[in-house]
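The values are calculated or read from the model by the stated rules, or taken from the named source; none is laboratory data. Being a predicted model, the structure only gives us computed values, none of them experimental. Cβ: placed from backbone, ideal geometry, glycine included. Neighbour counts: every protein chain shown. The protein model used for the area step is the full one, side chains on, heavy atoms only, and it has no ligands, DNA or RNA in it. Shrake-Rupley method; radii C 1.70, N 1.55, O 1.52, S 1.80 Å.
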Amino acid sequence: MERKKLQSVSIAALIVSILPLAALAPSFLHLSLSDRVRTAWAGANIVFVLLSLILSVVCVRSKESRSVINIASTAISAFWALLMVGIVALAVFLTFVQ
């Protein structure tokens, strides 16, 4: 029962870690979004990245629940988290340079 629960959590973590890619859809479709929608979408992406990172770490933490899906979702989530930290660091740096 516990293994089945962790398996569904790992699939959910993988799906949530892929959701930030949906932010690219408007640019592929050549749509322009209003400022409010872009702000809401950025906030949702931050929540998706944090949630997927937490779910992935919970699944990978125990040895018996480690699988390719868990490792992939952890890697994707870590990539998004590092990308967000890099963007924030660049913004802070550019703010102080000016």
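Numbers at a glance
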read-out: Any hit, the stretch 68-88, residues being part of a loop (DSSP other than H, G, I, E, B) and not hydroxyl-bearing (S, T, Y); value: no
read-out: Criterion violated by K4 - all others in (1) in a helix (DSSP H, G or I); (2) open to solvent by 80 Å² or more (accessible area, probe 1.4 Å); (3) at pLDDT 85 or above satisfied; value: (3)
read-out: Set V49, V9, V37, V57: member being surrounded by fewer than 13 Cβ atoms within 10 Å (Cβ to Cβ) and either among the hydrophobic types (A, V, I, L, M, F, W, C) or within 14 Å of the chain's Cα centre (by Cα) (or both); value: V37
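Each row is one residue, and each column tells you yes or no for (1) without any contact (Cβ under 8 Å) to a residue 12 or more places away in the chain; (2) open to solvent by less than 90 Å² (accessible area, probe 1.4 Å); (3) under 30 Å from K4 (Cα atoms).
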site	(1), (2), (3)
I15	yes, no, yes
P20	no, yes, yes
L24	yes, yes, no
L31	yes, no, no
S67	no, yes, yes
S77	no, yes, yes
L94	yes, yes, no
